[in-house]
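K.L.:
Pasting a structure here, questions to come.
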Amino acid sequence: MGIFSNNSADKDIDISKIKLPEHLGIIMDGNGRWAKKRGLPRSLGHSEGAKTFRTITRYCSDIGIKHLTMYAFSTENWNRPIEEVSALMKYFKDYLEEALRDFLDDTVKVKFIGDISAFPKELQELMIENERVSADRTGMVLNLAMNYGGRAELVTAFQKIAERVASGEISPQDISEKMISDNIYTAGQPDPDFIIRPSGEYRTSNFLLWQSAYAEYYIDDVLWPDYTKEHLNKALLEYSKRNRRFGGV
Ligand code: IPE
Ligand code: IPE
Ligand code: MG
């Protein structure tokens, strides 16, 4: 693994020597502001953001991240103007088609988290196909959070569990933290250790609510289209120095 230099005064970071999170989450934010600053339509911010997504995803796989969750579209993002939502759907389609062509010999296993039934049929088919062709891969698990909301995810889980209670299969006392973890989209995966949000916003915006109970957060001021491997290296270095206590001492 090479040395990845940080810009400015920071010392070179040898990413192969630091303790990486097992599960990294990224809230890809700031595309709209990036475009606005340049007098461009918001959709152009999203196409630039999609390029950053490609670079950062591949980099995470290269450096050995085992689970990566990228927040691409929230349950609340449907409230945006129709032109913006349509542009996003187009970029999703382009990416999913490209992933099918280019990822065939790759190691990345793709998984969608969120209610994908709300997307146009064509997109749903591309999502299912991407999951299918990558199902046996043993490299990084890439969770794409699409029409994802932490609250909606929990509601769905509680409904599934309630049905089992109602049928008499289990009693209310059988409901445990593990049962809830087993009934959400990330079942079987470790909880995120580290969540990065670019664009300077200090909020979760409904991302991995249950899973992030003990996640370390990192806010970066840079807007997502300007986010680089060097920004990520810097964040990962900070993560490696955090003292996680999990309520202990
Ligand atoms: C993130 O960028 C992309 C999505 C939510 C789909 P934004 O579009 O939220 O960009 P800002 O926050 O308006 O700058
Ligand atoms: C969160 O960003 C959702 C994604 C990045 C996909 P938003 O831009 O939608 O969040 P708010 O509205 O600023 O909280
Ligand atoms: Mg935003």
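Taken together, the values in this text are just the output of simple stated rules run on the coordinates, not laboratory data. Since the structure is predicted, the reported quantities are computational estimates derived from the model, not experimental observations. A quick note on method: Cβ atoms are made from the backbone with ideal geometry, for glycine too, and the neighbour counts reach across all protein chains shown.
K.L.:
Go through the range 113-123 and give me each residue that's in contact with a helix residue (DSSP H, G or I) (Cβ under 8 Å, 6 or more places away or on another chain), more than 10 Å from Leu96 (Cα to Cα) and without any contact (Cβ under 8 Å) to a residue 40 or more places away in the chain.
P.N.:
Ile116, Ser117, Phe119, Pro120, Glu122 - these are the residues of the range 113-123 that are in contact with a helix residue (DSSP H, G or I) (Cβ under 8 Å, 6 or more places away or on another chain), more than 10 Å from Leu96 (Cα to Cα) and without any contact (Cβ under 8 Å) to a residue 40 or more places away in the chain.
K.L.:
Filtering the range 218-235 down to residues that are touching a strand residue (DSSP E or B) at 6+ places or on another chain (Cβ under 8 Å) and closer than 20 Å to Ile63 by Cα, which residue is surrounded by the most Cβ atoms within 10 Å (Cβ to Cβ)? Steps first, answer last, please.
P.N.:
Our first condition is that a residue be touching a strand residue (DSSP E or B) at 6+ places or on another chain (Cβ under 8 Å); within the range 218-235, this holds for 218-220, 229-230, 232-235.
When the remaining residues are screened for being closer than 20 Å to Ile63 by Cα, the result is 218, 229-230, 232-235.
On the way: Tyr218: 19, Lys229: 17, Glu230: 15, Leu232: 25, Asn233: 21, Lys234: 19, Ala235: 21.
Only one residue fits best here, namely Leu232.
K.L.:
Let me ask something additional. Hey, could you check the range 26-43 for residues that are surrounded by fewer than 23 Cβ atoms within 10 Å (Cβ to Cβ) and small (Gly, Ala, Ser) and say which is nearest to ligand 1 (Cβ to nearest atom)?
P.N.:
The extreme case among them is Gly32.
K.L.:
Looking at the range 128-146 only, could you name the residues that are crowded, with 20+ Cβ neighbours inside 10 Å and of a type outside the set (Ser, Thr, Tyr)?
P.N.:
Asn130, Met140, Val141, Leu142, Asn143, Leu144, Ala145, Met146, listed by residue number.
K.L.:
Another question about this same structure. Taking the range 97-126 as the region of interest, how many residues are more than 16 Å from ligand 2 (Cβ to nearest atom) and in a helix (DSSP H, G or I)?
P.N.:
Looking only at the range 97-126, we keep the residues that are more than 16 Å from ligand 2 (Cβ to nearest atom), and these are 97-111, 117, 120-122, 124-126.
Retained after the next criterion (residues that are in a helix (DSSP H, G or I)): 97-102, 117, 121-122, 124-126.
Here the count works out to 12.
K.L.:
Of the residues Thr69, Thr75, which single one is within 20 Å of Arg203 (Cβ to Cβ) and in contact with a His (Cβ under 8 Å, 6 or more places away or on another chain)? Show your work before the answer.
P.N.:
Values: Thr75 fails: in contact with a His (Cβ under 8 Å, 6 or more places away or on another chain).
From the options Thr69, Thr75, the qualifying one is Thr69.
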